[in-house]
Amino acid sequence: MSSKAAIFTALGLALITALPASSSELSYTSLSIGYQTQSDDELGFNLDSDGVRFDGSLALSDGVFLRADYFSLRSDTVQTGHSSYVVDSSRSSIGLGYHFPVALNTDLIGTLSYGSKKKDFLNTSKDDEGYIVSAGIRSKLADIIELDAELSYVDIGGKEDVGYGVTGRVFIMPDASIGLSFDKLDNSDKFTVDLRYDF
């Protein structure tokens, strides 16, 4: 394991396991559906894609929650000489998280997840799997405003990436909100707009 992997894994495990259990004013049982765009150069050239994204979480006990996500994207048409093709990509993850309140309506969060991704293009399919460690902060600044920020270490298919994500959310009902997210990894940028319902 590399030094980056060791640092992020230790940070994630510390947040998940070391802090005492404590209740939070924020909901950790929710479902969301969104539209996502992605720009990446994993195949050696810039590729723009878009598609659908699903996220969910389930509170298991005070402080502990289950987290899962899935997205499926299709690229713009790629021209190669006299032929053309599209790239279909997807990624899913599922894991355990821990949250700990540090102020009113503000939590520190750590998660450790199993992740897999797939790309299909030119009658070729590439499947990889690995794990994701993340740590961040979530805060409801007002009755209708929530902000999240997260650092992530991703090791899928033996390729290590370090990235970050930020989300702003506006509540249109007490339990329903619209979110706008930006996620950055070494070779990809993602924008997502979603509708989330908290239970």
Within the stretch 138-148, how many residues are surrounded by 14 or more Cβ atoms within 10 Å (Cβ to Cβ) and either closer than 19 Å to Lys190 by Cα or not hydroxyl-bearing (Ser, Thr, Tyr) (or both)? 5
Of all residues making up the stretch 90-142, the number that are free of Cβ contacts under 8 Å to residues at least 40 places away in the same chain and not in a strand (DSSP E or B): 2
Go through the stretch 62-79 and give me each residue that's at pLDDT below 95 and either within 14 Å of the chain's Cα centre (by Cα) or hydrophobic (A, V, I, L, M, F, W, C) (or both). Val78
When the stretch 105-130 is checked residue by residue, the ones that are surrounded by 19 or more Cβ atoms within 10 Å (Cβ to Cβ) and either farther than 16 Å from Glu42 by Cα or touching a Cys at 6+ places or on another chain (Cβ under 7 Å) (or both) are Asp107, Ile109, Gly110, Thr111, Leu112, Ser113, Gly115
Which one is nearest to the chain's Cα centre (by Cα), of the residues in the stretch 41-61 that are surrounded by 12 or more Cβ atoms within 10 Å (Cβ to Cβ) and in a loop (DSSP other than H, G, I, E, B)? Glu42
What is the residue count in the stretch 161-194 for residues that are surrounded by 14 or more Cβ atoms within 10 Å (Cβ to Cβ) and out of contact with any strand residue (DSSP E or B) (no Cβ under 6 Å at 6 or more places or on another chain)? 0
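The values are calculated or read from the model by the stated rules, or taken from the named source; none is laboratory data. Every value quoted in this text rests on a predicted model; they were computed, and no experiment measured them. Cβ atoms come from the backbone with ideal geometry, glycine included; neighbour counts cover every protein chain shown.
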